Amino acid sequence: MPLQKENSYTINDIYTLPEGQRAELIDGKIYDMAPPSRIHQKLATKLASIIDRYISDNNGKCEVYSAPFAVFLNEDDKTYVEPDVSVICDPNKLDDKGCNGAPDWIIEIVSPSSQRMDYLTKLFKYRTAGVREYWIVNPTTEIVQTYLFEGTEDSTQYSFEEEIPVGIYPGFKINIEELLK
């Protein structure tokens, strides 16, 4: 689990961290981030690439960003996250610092130290902030947990071998096992 520092911090504290130190800020609490593993980086790169290609091939307006990419979820200075993959469809949310407001689709890739954060804390934060779709990709168990938060809310679990439908793009499916070949 990421280390939690006491006190109440703001986004300004994130910007004053020493060079190379990464952390996220959730409700005024700083959580240090461990460096990602090779499989974590491979999954993030492959997912961002296939999503970007799908959007481009279908003349979509959404943009795909990989971590480190700043997402300011709330209209305060107490929450700053760096999802592994963010898909933003409203260009008005984007500026030179990152995304102001909820991305449409977020993918987090679980590492041993981030499980509690990804499955509990971020699930709640993303849902309440207005994220439309959230995926948790677990390379250890080879399971993807998907959450659709708009319309009729839904949560479904898939194995890496299955075709996983993308809720915000009907007809688009991703097979994680195929991505990793």
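Once you place label points 7 Å from the Cα toward the Cβ at D96 and E150, how far apart are they in nm?
So the label points at D96 and E150 sit 3.0 nm apart.
Taking the mean number of other Cβ atoms within 10 Å as a proxy for protection, how do you rank 45-53, 16-24 from highest to lowest? Don't skip to the answer; put the middle values down first.
Numbers: 45-53: 17.0, 16-24: 11.1.
Order by mean packing, descending: 45-53, 16-24.
Which residue, chosen from T128, I51, C89, occupies the Cα position most advanced towards the positive end of the dipole of the range 1-145, where the dipole is computed from +1 (Lys, Arg) and -1 (Asp, Glu) charges on Cβ about the Cα centre?
The one lying farthest along the dipole's positive direction is I51.
In the chain, if every C-alpha pair distance is counted and binned at 10 Å from zero, what percent goes to each bin?
Per 10 Å bin, starting at 0, the Cα pair percentages come out as 9, 39, 38, 13, 1.
Rounded to the nearest 500, what is the chain's calculated 222 nm mean residue ellipticity when only DSSP H runs of at least 4 contribute -39500 (n - 2.57) each, over all residues?
-6000 deg cm²/dmol
Given the Cα-Cα distance of D32 and T45 and 0.36 nm per residue of separation, how much length would full extension add, in nm? Provide the component values of the computation, followed by the final result.
Working: separation 13, 0.36 × 13 = 4.68 nm, distance 2.19 nm.
Value of the extension gain: 2.5 nm.
Hey, in the chain, which Cys have no second cysteine's beta-carbon closer than 4.7 Å?
By the Cβ distance rule, which asks for a partner under 4.7 Å, the isolated cysteines are C99.
Hey, what angle do you get for helix 38-57 against the long axis of the chain, alpha-carbon based, 0 to 90 degrees rounded to 10?
So the inclination is approximately 60 degrees.
Rule-based calculations on the coordinates, nothing more; no lab input. All values reported here derive from a predicted model rather than from experimental measurement. A quick note on method: Cβ atoms are made from the backbone with ideal geometry, for glycine too, and the neighbour counts reach across all protein chains shown.
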